[in-house]
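Worksheet for the structure shown next.
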Amino acid sequence: MNKKMNLAVAGAALALGATAANAGIVIPAGDWTLDVNGNVNAFMNFNDADKAKGSTLTGNIANGQDALGESDGQGINTGLLPSWLGFTGTTRQNNTDVSFTISFQPNASDNSAAGDNKTPLNRQSYLSFGDKSWGSIKIGKDIGIFASGAILNDMTLLGVGSGATGKSGGATTLGGIGTGYVYAAWKGQATYTTPNMGGFQAKVGLMNPNQIPDASTAVTTRTYVTTNSFTGTTATLNGSDSSSVTQLSISATVISKGTVASTTTHTDTVTGAASSAVNQDRFGIEAEASYSWTGDVAGKVWVSGASYDVTRVKALTAATKQSYDITAFDVGASISAGNFGLVGYYYDGEGLGTTLFGNNGVTADAKERDSDGGYVQATYVIPTGTKIGVAYGVSNLDTASGETNATLVEENERWTVGAYHPLTKHLNLVAEYNATESTGQVSTNSMENDTLSLGAILFF
């Protein structure tokens, strides 16, 4: 396999041992070697979704229900791995390996009337330089370090997993994201990777201060002056700003027609969405240490962590600044012996939230919530070359100390059974069944989603 292949393609090969993942189109160009690589994929999804009567959940993975709590839907979707077109250039100059990678990711999930309203993703744009004697440095946008091992070993990387519904339109599905691990995401970064030292390797990176999802509200009290008048039979209140008024007390004394009765000071309470200025104060830090080995029983073990300082500005007429931390660690292992493969993974964090990094990680007053989860996965290659697998994943989210939140999700859970058949060395046929269930902090809030997915993924 070409070592300069697109990261996602290489990860898919690692996860599934797919014979479809091969070198891209290699083009010599003077001092450079250009590798054009990627994939195209699409899946037919047949979806059955249900929810308990009256259920309302925030942070749930199981979805697709209609107003009555049920839904049978069908659609064409891109899988967990988006369709991909990548360009990698490599050269060696002055005893230094130099490379660049740029990629674009279209999708097959557009259901707009015109069929053209989805903007392609841009997940990779970075340069790197180094040498096997001292390691390498990468600067630019690429997949994050924390939780990357989880997603690159997930068998649904070549399939669909959770998040597929009968409603097309999303750029990708979720795979095991939110039901076993938090999305690593694609982040601006400056990362150093050590040389491989007998199987041991480590990396550490400064991550761009990206925005953190924020669903909290802001509350403020404001005071203003109004003038009351009376003309004919019409009373008029002038100067009030009542666009978002939830509480208003007005006292007016009307004296006579055309006469100003009084000037009154009023106070109201305004609620609304917080400002989108929810960012880390400074670079986040992510790191990983791993050990890999070969032989009749080959595998890899790793541990990674993340630490971020986050500032949330809650602003209406006045700004309120809140700060909190996101800290997390994970540990994982992948083992292969002959035709058998096994993956185990666990994560734990504070302020980490669920599904997306930082999503629902804190309360409205910036108290950090605890979360944890993981997944196990077993695969076997039958004589036809078809890889069959089964996986179970769960993500848990706790309320903060003293918090009562009946609509917050407590658990997202997933079972996946899949078959991945290499029809050719470039083309895999995929069949998956996924059963996803979301349960709230109050157990009567629950949602389920069962999806059968049939499709194909082509690597080049």
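The values are calculated or read from the model by the stated rules, or taken from the named source; none is laboratory data. Because the structure is a prediction, the values reported are computed rather than measured. Virtual Cβ from ideal backbone geometry, glycine too; neighbours counted across all protein chains shown.
May I ask you to say which residue of Asn47, Asn111 is assigned to a strand (DSSP E or B) and either modelled with pLDDT of 85 or more or under 21 Å from Ala456 (Cα atoms) (or both)?
Asn47
Scan segment 378-434 for residues that are part of a strand (DSSP E or B), small (Gly, Ala, Ser) and closer than 24 Å to Phe340 by Cβ and report the count.
Residues that pass the stated criteria total 7.
Could you please find all residues in segment 382-433 being closer than 16 Å to Gly161 by Cα and among the acidic types (Asp, Glu)?
Correct list: Glu413, Glu432.
Filtering segment 374-418 down to residues that are buried (at least 16 other Cβ atoms within 10 Å of the Cβ) and of a type in the set (Gly, Ala, Ser), which residue is nearest to the chain's Cα centre (by Cα)?
The residue in question is Ser395.
Let's see how each residue does on (1) of a type in the set (Asp, Glu); (2) over 25 Å from Asp330 (Cβ atoms); (3) in the same structural domain as Gly161 (by TED's automatic domain parsing):
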position: Thr384; (1), (2), (3): no, yes, yes
position: Ala400; (1), (2), (3): no, no, yes
position: Thr416; (1), (2), (3): no, no, yes
position: Thr424; (1), (2), (3): no, yes, yes
position: Val442; (1), (2), (3): no, yes, yes
position: Glu448; (1), (2), (3): yes, yes, yes
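Which condition does Gly69 not pass, out of (1) surrounded by fewer than 16 Cβ atoms within 10 Å (Cβ to Cβ); (2) in contact with a Ser or Thr (Cβ under 8 Å, 6 or more places away or on another chain); (3) over 27 Å from Ala185 (Cα atoms); (4) modelled with pLDDT of 85 or more, if it passes all the others?
All conditions pass for Gly69, except number (4).
Return yes when Gly79 is small (Gly, Ala, Ser), in the same structural domain as Asp154 (by TED's automatic domain parsing) and at pLDDT 90 or above and no when it is not.
Yes.
Examine segment 424-436 for a residue that is among the basic types (Lys, Arg), buried (at least 17 other Cβ atoms within 10 Å of the Cβ) and in contact with a Ser or Thr (Cβ under 6 Å, 6 or more places away or on another chain), and state whether such a residue exists.
no
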